[in-house]
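**Student:** This structure is in structure tokens; I'll ask about it shortly.
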């Protein structure tokens, strides 16, 4: 064991954790919507792709970075509002499985429209971060990953604070806890839901930019969302803290597995490891680490 | 208390008159029997006589395979209310298992490898499904996604599955049943048709039995089902097992009868979604829904590409076609879920009612 | 028939039930009343094993349970209806009622698929018994309709039929009159009494409409904020000052309003 490359282990671990923060960011978008309306928004990935594509295409057409960002921001908010209005509101009394399938259809629409509008080629997304790794006591850390994780962490922190300390955040939580009671105390549901979806759109924008810069803006970006599902299983579908911890866990374990277990089975296990990990978790702790134990009112 | 009553009333208000398609009657009326008989007659008699090989090979056979997959998924998702996103994985398992059994077990009849393919799919399905079937919510969706990604990876990684073939793509075995070679378009069509008709008939019967009703009960109110004595876990497992079996057989059909090659690529996540879309558009919890949906899904890209070329000329290339397909499909799904959750099957019923010359009975 | 000893149940900081004991004698119609939030539904959920009490135990007949095993309820001869209507919307009224007999089904799915022998007999018998109960409750006209298309009052009756078809020894009715008009309530009371008289079913009735309860039950227990504050015959309850304080004063106005 003397020449076990600890530095490499740390490197892989850190890389995984940084990845994990980015997963958490996507997962929080899910949690936000699930907590307040019980809908598992499969279209989150498509929104991510749409945001990234719109931004990158605007920049390529000559718009300066801040303006492109602003325009995309507005577009995503409008998209979120439009989704809530046209798809979610008509389906409001339907069982969760129906709503999920609707978001599935929605993801197809958004992906298709995004690519019809902006084309199907791959775009590089430059956020201005140099790609050289930092050498920290012999451990190589990607500057970009660090920046992305940092940004994501800041956003996650802001969102958590938002939920906890602002009026709107409080309203979101009230609706999530007991929709009926929330109506009773005068919270306007449609308005809240519209805000929720608009916020989710903004989260998609942030995540889309970060992931797009990392992987390149291409169709497979919308599949990033799929990795958020194991995160939700681990962390609980309705917990922000769970999304954070779950994301970190998934990110780290996935990377470690790929590097240390992968070679034994030919590599490529990143495509499924997170899911199987989540499956195993289901056997042990079904509610997730922080998911609320729902009391069934029969 | 009255608001609760209002909520319940809202739930119980009918969107349409009770549809025969949704009530699994113990005995179907004579009209439905004649209808089915006519369809079967046309399928066995008229189609082979008049359809061109192109129609048989490129349209009808994939239609049958996808419809069968839809029937299987509908049993699980439509009737038992458990969402699966991994149907294509089970189709893949069926196809590859059938291929390997056929290859390595000498003297195994073709239909035997079909059945073994289906059973293998069941085993894999249960392995992934068991942890989450105990739970409610979206966990089965995550499990089946796990199966989807894992199966695709395993089939590509381990060349044993493809008999160490260099290109990773293998040919399906010759189609010989009871000494008769079916390796021509009509033969293949009849083979697929018979298998699909048989399995569909069994499923149609199943949903009318107590077991089938148990599926519906678990879907509609799992808690009440548990309280009256339905073993919920066993019911879900059974639905999942049967559904995976059918998906496996559909996979074998897809590979052996339609494509005549066996490769993992065609059994990706998009395929899983496609099957789900088939039953959503066709009509959840109906048997005929899978067929309506599959017909739409098979014919639709062809129509769209013709239409697109007509309207937009050369701009409408394959990339645009792909994306337009996605958009239209997505819009169809959302529209159906909002406007007619019972899908094409319900629209069909309404059409029949309008066309029938019997006076409407007062409900 | 049923006994609950010193039941405690809390959710987080909320004490749903505190030191509640209850007994039900065979063949009686027992009511548990109390304002909303008094813990009535929690009680039923404990009896049917959906909740586990923090302290205390439940006796079904001679068997004692810390938590009643829900899957064995039918075997124990216990059936219930639900406050929020728990019918299977995808099935007809008749099929819903037949579901009540699912616990007696012994045949496997393959047998049912084939449709011979045991499966056939079971199905035939189930449908016969369902039809009998359907007729008993006056539901024959709508028995082949999808339950989702029926009016609320009839749906409640179908649920009652489903609970009765298995000839349970103990029938738990969780707010069976909720949302009903005065006429419907009278009808339902009639059916409840008929069920006891004809089939000898012991009945535990959870209600908060006093008028219905006093006329229908043999004994009444009153809950308030998770505690039992009174237990006795309807006449005794009516005169009990604690009950009047906590509850009847309000209910009296309700009754007036209902007429």
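The values are calculated or read from the model by the stated rules, or taken from the named source; none is laboratory data. If you're wondering where the values come from, they're calculated on a predicted model, not measured in any experiment. Please note: Cβ atoms are built from the backbone with ideal geometry, for glycine as well, and neighbour counts cover all protein chains shown.
**Student:** Being in a strand (DSSP E or B) and within 14 Å of another protein chain (Cβ to nearest Cβ) is the filter here; which residues of the range C:61-88 pass it?
**Tutor:** Passing the criteria: C:78, C:79, C:80, C:81.
**Student:** Scan the range C:32-48 and tell me whether some residue there is assigned to a strand (DSSP E or B), buried (at least 24 other Cβ atoms within 10 Å of the Cβ) and touching a strand residue (DSSP E or B) at 6+ places or on another chain (Cβ under 8 Å).
**Tutor:** The answer is yes; a qualifying residue exists.
**Student:** Still on this structure, I have one more. Run residue C:96 past the list (1) facing chain B (nearest Cβ under 7 Å); (2) under 17 Å from residue B:218 (Cβ atoms) and report the number of the one that doesn't hold.
**Tutor:** Among (1) facing chain B (nearest Cβ under 7 Å); (2) under 17 Å from residue B:218 (Cβ atoms), residue C:96 violates only (1).
**Student:** While we're on this one: Scan the range C:150-201 for residues that are within 15 Å of the chain's Cα centre (by Cα), free of Cβ contacts under 8 Å to residues at least 40 places away in the same chain and closer than 15 Å to residue C:87 by Cβ and report the count.
**Tutor:** 1
**Student:** In the list B:330, B:293, which residue meets the criterion of being at pLDDT 85 or above, more than 9 Å from chain A (Cβ to nearest Cβ) and within 30 Å of residue A:96 (Cα to Cα)?
**Tutor:** Values: B:330 fails: more than 9 Å from chain A (Cβ to nearest Cβ).
Checking each option against the conditions leaves just B:293.
**Student:** Ok, one more. Working carefully through the options C:62, C:66, find the one that is in contact with a strand residue (DSSP E or B) (Cβ under 6 Å, 6 or more places away or on another chain) and surrounded by fewer than 14 Cβ atoms within 10 Å (Cβ to Cβ).
**Tutor:** Only one candidate qualifies: C:66.
**Student:** Could you tell me whether the range C:164-173 includes any residue that is more than 14 Å from chain B (Cβ to nearest Cβ) and closer than 30 Å to residue B:205 by Cβ?
**Tutor:** No, the range C:164-173 has no match at all.
**Student:** Does any residue of the range B:216-226 turn out to be at the interface with chain C (Cβ under 7 Å from one of its Cβ atoms) and outside any helix (DSSP H, G or I)?
**Tutor:** yes
Results for (1) within 12 Å of another protein chain (Cβ to nearest Cβ); (2) assigned to a loop (DSSP other than H, G, I, E, B); (3) on the phi < 0 side of the Ramachandran plot, shown as yes or no for each residue.
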residue: B:114; (1), (2), (3): no, no, yes
residue: B:126; (1), (2), (3): no, no, yes
residue: B:132; (1), (2), (3): yes, no, yes
residue: B:149; (1), (2), (3): yes, no, yes
residue: B:163; (1), (2), (3): no, yes, no
residue: B:204; (1), (2), (3): yes, no, yes
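**Student:** Check B:74, B:102 and return the single one that is part of a helix (DSSP H, G or I), modelled with pLDDT of 85 or more and within 14 Å of chain C (Cβ to nearest Cβ).
**Tutor:** Going through B:74, B:102 in turn, the sole match is B:74.
**Student:** Among residues belonging to the range A:110-125 that are within 19 Å of the chain's Cα centre (by Cα) and assigned to a helix (DSSP H, G or I), point out the one that is farthest from residue B:343 (Cα to Cα).
**Tutor:** Among those residues, the one meeting the criterion is A:114.
**Student:** Further question: Being more than 7 Å from chain A (Cβ to nearest Cβ) and closer than 16 Å to residue A:272 by Cα is the filter here; which residues of the range B:134-147 pass it?
**Tutor:** Residues satisfying the conditions are B:140, B:141, B:144, B:147.
One line per residue, one yes/no per condition, for (1) in contact (Cβ under 8 Å) with a residue 12 or more places away in the chain; (2) closer than 16 Å to residue C:203 by Cα:
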residue: C:31; (1), (2): yes, yes
residue: C:47; (1), (2): yes, yes
residue: C:52; (1), (2): yes, no
residue: C:56; (1), (2): yes, no
residue: C:63; (1), (2): yes, no
residue: C:67; (1), (2): yes, no
residue: C:73; (1), (2): yes, yes
residue: C:84; (1), (2): no, no
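**Student:** If I ask for residues that are at pLDDT below 80 and under 16 Å from residue C:207 (Cβ atoms), which ones from the range C:222-259 would you list?
**Tutor:** Those that are at pLDDT below 80 and under 16 Å from residue C:207 (Cβ atoms): C:243, C:246, C:247, C:248, C:250, C:251, C:252, C:254, C:255, C:258.
**Student:** For residue B:177, are the conditions met, namely being modelled with pLDDT under 85 and touching a helix residue (DSSP H, G or I) at 6+ places or on another chain (Cβ under 6 Å)? Give the steps one after another, and end with the answer.
**Tutor:** Working: modelled with pLDDT under 85: yes; touching a helix residue (DSSP H, G or I) at 6+ places or on another chain (Cβ under 6 Å): yes.
Considered against the rule, which asks whether it is modelled with pLDDT under 85 and touching a helix residue (DSSP H, G or I) at 6+ places or on another chain (Cβ under 6 Å), residue B:177 comes out as yes.
**Student:** Moving to a separate point now. Assess whether residue C:214 counts as being in contact with a strand residue (DSSP E or B) (Cβ under 9 Å, 6 or more places away or on another chain), surrounded by 22 or more Cβ atoms within 10 Å (Cβ to Cβ) and either in a helix (DSSP H, G or I) or modelled with pLDDT of 90 or more (or both).
**Tutor:** Spelling it out, it is not the case that residue C:214 is in contact with a strand residue (DSSP E or B) (Cβ under 9 Å, 6 or more places away or on another chain), surrounded by 22 or more Cβ atoms within 10 Å (Cβ to Cβ) and either in a helix (DSSP H, G or I) or modelled with pLDDT of 90 or more (or both).
**Student:** Right, next: May I ask you to list the residues in the range B:327-345 that are in a helix (DSSP H, G or I) and closer than 15 Å to residue B:278 by Cβ?
**Tutor:** Of everything in the range B:327-345, those that are in a helix (DSSP H, G or I) and closer than 15 Å to residue B:278 by Cβ turn out to be B:328, B:329, B:330, B:332, B:333, B:336, B:337, B:343, B:344, B:345.
**Student:** Okay, moving on. I want to confirm something. Restricting to the range A:86-95 and keeping residues that are more than 7 Å from chain B (Cβ to nearest Cβ) and under 26 Å from residue A:221 (Cβ atoms), which single residue is modelled with the highest pLDDT?
**Tutor:** Of everything passing the filter in the range A:86-95, A:86 is modelled with the highest pLDDT.
**Student:** May I ask you to say which residue of B:295, B:241, B:255 is under 24 Å from residue B:346 (Cβ atoms), touching a residue at least 40 places away in the same chain (Cβ under 8 Å) and either out of contact with any helix residue (DSSP H, G or I) (no Cβ under 8 Å at 6 or more places or on another chain) or not in a loop (DSSP other than H, G, I, E, B) (or both)?
**Tutor:** After ruling out the rest, the residue left standing is B:295.
**Student:** Continuing with the same structure: Among what's in the range B:346-363 and is more than 16 Å from residue B:31 (Cα to Cα) and at pLDDT 85 or above, pick the residue that is nearest to the chain's Cα centre (by Cα).
**Tutor:** Ranking the candidates gives B:346 first.
**Student:** Before we move on, is residue C:128 buried (at least 21 other Cβ atoms within 10 Å of the Cβ) and at negative phi?
**Tutor:** no
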